Amino acid sequence: MSSAVLISIAMTVVGAATPILLAALGELVVEKSGVLNLGLEGMMLIGAVTAFAVTYSTGSAPLGLIAAMAASAAASMIFGFLTLTLTANQVATGLALTIFGIGLSSLIGQGFVGRTVDALHRTFPAALAEHPVWRLIFGHSPLVYISLVMTALVAWFLTRSRAGLILRAIGESDEAAHSIGYSVIGVRYLAVAFGGAMAGLGGSYYSLVLTPMWADRLTAGRGWIALALVVFASWRPLRLLAGAYLFGAVMTFELHAKAAGVSFLAPEFLAMLPYLATIVVLTVISVAPAGGRLAAPACLGKPFRATG
Amino acid sequence: MGQEGHPPRLALEGITKRFPGVLANDEVSFAVAPGEIHALLGENGAGKSTLVKIIYGVLHADEGRILWDGRPVEIPNPKAARRLGIGMVFQHFSLFEAMTVLENIALGIDEKVGWRELQERVVRILEAYDLPLDPRREVHTLSVGERQRIEIVRALLQKPRLLIMDEPTSVLTPQEVERLFDTLRQLASEGCSILYISHKLHEIKALCDTATILRGGRVVGTCDPKAESARSMAEMMIGGALRDVSRRRGGEFGQDRLNVVRLSAPGEGPFGVPLKEISLNVRAGEIVGIAGVAGNGQNELLAALAGEMEGAEHGAIFLNGKACIAANVGERRREGMCSVPEERYGHGAVPGISLSDNAVLTARYRMGLTGQGFIRYAAAEDFARNVIETFGVRTTGPKATAGSLSGGNLQKFIMGREILQKPDILVVSQPTWGVDAGAAAAIHQALLDLAAAGSAILLISQDLDELLALCDRIAVINGGRLSQMMEVEGISIERVGLLMGGMHGENESPPGGGARERRNAA
């Protein structure tokens with residue numbers, strides 16, 4: 001294979017990895033605070049359609065991104081109100097949020113199906129961005145660089161900052177954190193809102209960069225892969241980065257295998273690969289005695305009611 | 001030791017707190033002088049915890065006021081309490097298992113301090129009070145005594161002028177208790193007041209200068225514990241004459257009812273302790289005690305004996321000479337072994353269903369509460385009513401849900417449910433944990449009566465006093481290993497304490513046991 005092909009493959013891997021990395025980073029912070037939000041797919045779709053609609057109407061992609069983050073964060077607040085304030089079941093509420101997001105994005109997107117916007121492709125000047133070799137580093141959408149910076153930021157926040165320590169403590173033992181005097185519900189609201197905003201950012205990558213047009217169910221279940229990725233990374237941001245690129249590579253394999261005319265595997269099987277990998281990863285981690293489950297925040301998915 | 005001319009460090013005046021349906025604190029007033037170790041004594045439900053939560057700002061009083069150094073103060077939240085100089089060591093530690101000691105301490109203090117400076121200050125306190133603790137260890141690898149030290153260091157970092165200790169010794173070995181008392185005395189001598197909450201009378205006699213006794217939310221007396229007898233304080237606490245537990249001594253024991261040979265089992269949950277080759281026997285008419293600090297394999301032992309491990313255990317268990325390692329919970333019950341786990345809500349009983357349905361859950365075979373696939377409701381209700389009457393369970397009747405009962409009452413019901421089945425073998429874990437003195441005495445008497453009637457009882461408990469009062473032989477569990485059996489007659493408390501702390505002599509297994517292995521030797 002020529003180096004040009006390799007570079008082109010690497011570029012597609014980055015494209016496949018970035019949105020799930022963004023969404024998974026947000027979910028990681030949410031889960032570290034002890035909340036399981038299964039509504040990732042729905043929030044990504046809401047973000048995707050909002051980014052597209054706002055960018056299409058105003059012509060400004062940054063405005064579209066901000067609107068996407070706000071819209072998804074707002075959607076996550078529905079989840080937050082139900083699960084944190086009303087202590088509804090997090091799994092059921094998260095699934096409902098996904099279904100809601102799919103429906104809402106279809107409704108909003110009705111008038112936009114098939115339209116296109118100027119893709120948010122480039123960060124750097126064309127000389128660098130379209131250079132046959134240097135495009136590997138400089139030729140990406142701003143969202144790619146944002147996702148890398150956010151990985152570092154989240155890693156620093158969780159391990160080094162005092163606020164991150166409090167967030168982890170709340171995910172470890174909400175009762176203990178409450179008795180010391182931390183606002184468990186308040187911190188979880190902030191985490192859920194952050195998770196929503198990041199999911200919105202991840203979703204907008206599909207509608208502003210990858211396609212860049214609107215189609216129903218544009219994210220095609222990638223939200224579920226992002227969810228699995230958090231478990232796969234055993235709640236560590238740097239492993240999450242590695243995992244996202246690994247999954248990105250699996251997803252890309254399908255495209256390149258088809259292009260290269262691999263015929264011994266049915267294309268349907270190839271399309272199934274990322275999801276199959278998700279199931280395998282989740283199974284292996286739940287069976288493994290120590291590795292995965294030990295790292296899970298102890299209060300993950302448990303509702304908290306303040307008493308005395 | 002109130003110094004003349006100084007206002008009390010803390011004074012409560014007419015504190016009243018109502019919860020729906022209960023008056024938790026009723027016009028409570030008392031004062032703690034600077035440097036005084038003041039005991040707050042009372043049974044469960046006497047209102048001690050509510051009162052302490054009011055002082056620490058977790059709850060707010062409906063009436064009355066709090067004076068700090070003679071001035072009335074408002075304490076809206078724990079942060080405000082800490083600003084005043086009130087420190088608190090909780091009964092159930094507010095610690096984070098998966099984090100290091102230092103991270104836990106950082107979470108418990110309000111000022112922003114750099115990691116290095118915090119570590120230096122922690123080490124200084126550890127040295128000043130001679131507290132052995134490694135700040136870099138993760139909490140789940142620590143013994144209970146070490147965990148308590150984290151809470152103490154956390155409180156001491158704020159330079160408290162009043163330290164509240166809520167039932168601090170309930171989970172400590174005798175040696176750890178001594179060490180804790182030394183620390184508290186040193187603190188008091190430096191002028192820090194201590195509010196010591198407990199129902200253990202001999203500890204209060206050994207440690208405290210003054211005791212305020214609460215009953216039913218009211219102050220019923222204040223005394224100098226060193227001048228009172230334990231009995232007189234206990235009677236003030238329960239408001240009546242203390243019932244003596246009558247015990248026959250050194251009777252004749254019959255055949256082995258329960259025989260366990262080299263039983264091993266995996267730990268439960270991520271921080272569980274695996275059992276390692278446990279062997280023991282219990283004869284008819286005998287009570288055998290398993291002492292040990294919580295989290296050393298007690299839960300696993302109960303689960304393995306009761307049949308809850310579903311085949312994960314190895315070794316041999318004989319009930320009345322019959323091998324039953326492969327039998328499940330129901331089959332073991334039918335063979336004559338009943339069990340009472342430590343956790344009442346959700347393990348010993350289902351909180352959301354009625355007492356008579358809860359009776360069906362464990363007594364259906366032995367008491368014939370089911371037949372042809374149906375529940376015999378009348379029989380179940382009669383049995384539940386029998387338990388309630390025989391054991392004096394305070395409830396509205398067999399139809400009340402288990403969750404509506406207080407911890408002590410539910411425990412009486414669960415114990416009664418098993419004892420009235422007349423099991424050949426009864427395995428009990430922590431039968432009187434969190435139970436008031438009156439109910440505890442009733443439970444103890446019931447266990448002794450059951451043994452006198454020829455049953456074999458295995459009693460797993462952290463309460464050494466309880467074990468010494470009831471048992472014929474005792475062994476200590478530590479890190480999933482069982483020590484040699486010791487006759488209770490002439491037993492050395494010091495030796496038991498050392499075994500609880502993990503000093504086996506021959507194999508040096510550190511306290512805290514299996515969960516404690518360091519990940520790397522570096």
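The values are calculated or read from the model by the stated rules, or taken from the named source; none is laboratory data. Keep in mind it's a predicted model, so treat the numbers as computed, not measured. Note that each Cβ is placed from the backbone with ideal geometry, even for glycine, and that neighbours are counted across all protein chains shown. All accessible areas refer to the heavy atoms of the entire protein, side chains included, with ligands and DNA or RNA removed. Shrake-Rupley method; radii C 1.70, N 1.55, O 1.52, S 1.80 Å.
Tabulated data
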item: Whole-Å semi-axes of the range B:256-516's equivalent ellipsoid (Cα gyration tensor); result: 30, 20, 17
item: Derived scalar couplings ³J(HN,Hα) [the range A:49-65; Karplus, 6.51 cos²θ - 1.76 cosθ + 1.60; whole Hz; x for Gly, Pro]; result: 6, 5, 4, 5, 4, 5, 5, 5, 6, 9, x, 10, 5, x, 4, x, 5
item: Residue order for B:ILE105, A:ILE78 - accessible surface, 1.4 angstrom probe, largest first; result: A:ILE78, B:ILE105
item: Sequence of B:ARG385, A:ARG135 when ordered by accessible area, the most exposed leading, probe 1.4 angstrom; result: B:ARG385, A:ARG135
item: Largest-first principal axis extents, alpha carbons of the range A:1-55, Å; result: 46, 31, 13
item: Sum of side-chain charges, B:VAL177 neighbourhood, beta-carbon under 11 Å (Lys, Arg +1; Asp, Glu -1); result: -2
item: C-alpha center-to-center spacing [the range B:307-358, the range B:101-177] in angstrom; result: 39 Å
item: Per-pair calculated FRET efficiency, R0 = 25 Å: B:SER492 and B:LYS322 via Cβ, rounded to 0.05; result: 0.10
item: Equivalent ellipsoid semi-axes, the range B:114-160, via Cα gyration tensor eigenvalues times 5, rooted, Å; result: 17, 13, 10
item: Zone of A:ARG115's modelled label, taken as backbone nitrogen in the range A:193-213 under 15 Å from a point 7 Å along Cα→Cβ; result: A:207-208, A:212-213
item: Cut-off 20 Å, label 7 Å out along Cα→Cβ of A:GLU268, residues of the range A:200-223 by amide N; result: A:220-221
item: With all protein chains modelled, accessible area of B:ILE66 [1.4 Å, Å²]; result: 10 Å²
item: Using a Förster distance of 41 Å, the FRET efficiency for A:LEU255-B:TYR345 (Cβ separation, nearest 0.05); result: 0.15
item: Hull volume in cubic angstrom per residue (convex hull over the Cα atoms of the range B:10-238); result: 120 Å³
item: Heavy atoms of B:SER404 accessible to a 1.4 Å probe, total area in Å² rounded to 10; result: 80 Å²
item: Dipole of the protein assembly as shown, positive end: most advanced residue of B:GLY285, B:GLY416, A:TRP214 [Cβ charges, Cα centre]; result: A:TRP214
item: Bridge type composition, chain B - antiparallel percent by DSSP, nearest 5; result: 55 percent
item: Segment B:GLU331-B:TRP115, extension gain: residue separation times 0.36 nm, minus the distance between their alpha carbons; result: 72.2 nm
item: Cut-off 19 Å (backbone N to label point 7 Å along Cα→Cβ of A:VAL5), residues of the range A:126-145; result: A:132-133, A:136
item: Low-density loop positions, trypsin sites (Lys or Arg not before Pro), the range B:70-123 - DSSP coil, at most 13 other Cβ in 10 Å; result: B:LYS112
item: Gain in span if fully extended, A:ILE185 to A:LEU136, counting 0.36 nm per residue against the direct Cα distance; result: 13.3 nm
item: Number of Lys pairs (Cα under 24 Å; 8 or more positions apart or on different chains) in the range B:10-238; result: 15
item: Share, in percent, of DSSP beta bridges within the range B:10-238 that are antiparallel, nearest 5; result: 55 percent
item: Under the Debye formula (equal points on every Cα, no solvent term), log10 I(q)/I(0) of the range B:380-460 at q = 0.22 Å⁻¹; result: -1.04
item: Candidates A:PHE79, A:PHE52, A:PHE112: whichever shows maximal mean-square fluctuation once chain A is modelled as a Gaussian network with Cα springs under 10 Å; result: A:PHE112
item: Cα coordinate range in the range B:298-423, projected on the principal axes (Å, largest first); result: 45, 33, 23
item: 4 °C / 1.567 mPa s Stokes-Einstein diffusion coefficient of chain B, Kirkwood radius on C-alpha pairs, µm²/s; result: 53 µm²/s
item: Solvent-accessible area of A:MET272 with every protein chain in place, 1.4 Å probe, in Å² to the nearest 10; result: 80 Å²
item: Computed E for A:ALA126/A:ASN89 - FRET, C-beta separation, R0 45 angstrom, nearest 0.05; result: 0.30
item: Electrostatic dipole magnitude of the protein assembly as shown [Cβ: Lys, Arg +1; Asp, Glu -1; Cα centre; debye, to 20]; result: 1480 debye
item: If the convex hull is drawn through the Cα atoms of chain A, its volume per residue in Å³; result: 140 Å³
item: Beta bridges by DSSP in the protein assembly as shown, antiparallel share as percent, to the nearest 5; result: 55 percent
item: Longest segment of chain B lacking GluC sites (Glu not before Pro) that sit in a DSSP loop with at most 15 other Cβ atoms within 10 Å; result: B:344-488
